[in-house]
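Trainee: Provided herewith is a single structure, encoded as structure tokens, for subsequent inquiry.
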Ligand code: FDA
Ligand code: NAD
């Protein structure tokens, strides 16, 4: 059995939702019956960042349909009805098990062959599992990962049964930091274990990390750094009761949350499409090595014009939204100019953010060069801290991290990074002018 569509989006996450909206809006838009989205999740595309924030709140938690795409960009809420109304075939709960780019077909786990004229690959990434590091029992009923709505539902259930108990969080990255904050809000004591010298070490400087670690410690979180969990202790009913560290220490555990990194879902295209940076290689139009196939979001590695055409792959929501829009614009406006061929790279300003407790930070650009800190790193009692770091490379602003910035300040920072503002005597300038460096054009 088989069906044929002009456009198929493979994957039903953030990038898929934004691509669908853009396809409908663009020019004449897609006609009913032309677009199909295939997702192994059971629900229509949603804003994944909500899973580690609003979804885990003990009171007033966010629930679907409130956070379907594209509300995260203050745009239309695309419920399942929206897809029906636009004649978009939403094939949910269905995994694609193989792809043939030569024949332009996808085979689903239900045995259906779906063919396309143009394919947008939006398969995102999946959580790395402890088993990859030789630790078993990821399947225990109180061990939680957090990538999908299903994972989030499991975590909510486990947190409810652990009130007042102990959680071991494995990993000191985004998932670790955001889940630790959610666990504290749910009145669960947290011990965080990770192998590095400080949390969020791919982005935070030691000084920035120190601020967040002190802030978390004041909320009762214990950091166990430069350490690894090597095994779990389990009860007769298969629950994890303790985590054993490499040095033999035992941490009591009523639940475990694992956030040890992600891997892009590229396997369907191994040997068929060019790969780079652990993802599918695309040009500045998001077009892969096969002209009929585009890749967007976490799975796509693309040349970033602002970074001199450097190939990068980002695992952040802003990138998923913007690459999805870029791919659709490219698909709809086929042209032969150099820019349209994607040779110039995609005009994208890298942007990451997180919100935990009463804190909120944003980062723009690239954390290369020398970081110069500015602002007040003490957490004022009752007040909001405001501080940051500016990475300077060759006298130019390469990237800026800002905690506690207002909308205007964040916008000013973004434009300073975008125009690669020049900074003379950086240390003196930042010290005396603080964020004012961002005002120069
Ligand atoms: P995404 O993972 O959203 O979607 C991929 C889709 O493809 C999924 O529906 C998946 O099931 C499906 N799929 C994969 N293989 C398939 C197959 N073979 N067949 C069928 N379907 C398949 N970023 C940020 O900037 N700020 C933030 O605060 C957060 N917060 C955050 C919280 C949590 C809990 C997570 C897990 C992630 C974030 N992120 C984030 C990262 C952000 O959510 C991420 O970058 C985007 O979701 C990427 O969007 P994609 O559409 O590329 O992948
Ligand atoms: P991450 O790469 O941010 O952090 C992984 C952490 O695990 C690091 O601290 C690393 O040192 C540690 N680690 C690695 N191997 C380990 C091991 N064997 N034992 C213990 N610790 C180990 O990845 P993540 O936090 O798992 O996030 C997963 C994905 O979700 C990423 O793509 C991330 O970008 C995305 N995400 C983003 C946000 C955001 O942008 N605010 C929020 C949540 C999730």
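Trainee: Please order 419, 70 by the number of other Cβ within 10 Å, starting at the fewest.
Mentor: Going from sparsest to densest Cβ surroundings: 419, 70.
Trainee: List 344, 155 from most exposed to least, where exposure is judged by having the fewest other Cβ atoms within 10 Å.
Mentor: Details: 344 16, 155 24.
Fewest-to-most ranking of 344, 155: 344, 155.
Trainee: Given the options 366, 85, 290, state which has the largest fluctuation in a GNM of the chain using a 10 Å cut-off (strictly under) for Cα springs.
Mentor: Sorting by GNM fluctuation, first place goes to 85.
Trainee: Can you give the Kirkwood hydrodynamic radius for the stretch 240-383, in Å, rounded to one decimal and based on Cα pairs?
Mentor: Evaluated over the stretch 240-383, this radius sits at 18.3 Å.
Trainee: How many angstrom separate the Cα center of the stretch 379-423 from the Cα center of the stretch 146-162?
Mentor: A separation of 35 Å, based on Cα centres.
Trainee: Test of understanding: ordering 215, 116, 294 by Cβ neighbours within 10 Å, fewest first, what list do you get? Present the calculation step by step, with values, prior to reporting the outcome.
Mentor: Details: 215 18, 116 22, 294 29.
Ranking 215, 116, 294 by Cβ neighbours within 10 Å, fewest first, gives 215, 116, 294.
Trainee: Which value in nm describes the separation of the simple spin-label points at residue 109 and residue 201, placed 7 Å from the Cα toward the beta carbon?
Mentor: The modelled label-to-label distance comes out at 3.6 nm.
Trainee: Take the chain, connect every pair of alpha-carbon atoms lying under 10 Å apart with a spring to form a Gaussian network, then pick out the residue of 67, 351, 133 with the largest mean-square fluctuation.
Mentor: Looking only at 67, 351, 133, the largest GNM fluctuation is found for 133.
Trainee: Just to be sure I understand: with springs between alpha-carbon atoms less than 10 Å apart, which residue in 250, 322, 418 has the highest mean-square fluctuation in the Gaussian network model of the chain?
Mentor: 250
Trainee: A follow-up question, please. Which whole number in µm²/s is D for the chain by Stokes-Einstein, with the Kirkwood Rh taken over Cα pairs at 4 °C and 1.567 mPa s?
Mentor: Reported coefficient: 56 µm²/s.
Trainee: Could you pull out which residues in the stretch 197-215 have an amide N less than 18 Å from a spot 7 Å beyond the Cα of residue 358, following the Cα-Cβ vector?
Mentor: 211-215
Trainee: Enter the Cα centre distance for the pair the stretch 233-266 and the stretch 1-61, rounded to the nearest angstrom.
Mentor: 33
Computed from the coordinates by the stated procedures, all read-outs in this text should not be read as laboratory data. Just so it is clear, the structure is predicted and the values come from calculations on it, not from any experiment. Glycine gets a Cβ as well: all are built from the backbone with ideal geometry, and neighbour counts include every protein chain shown.
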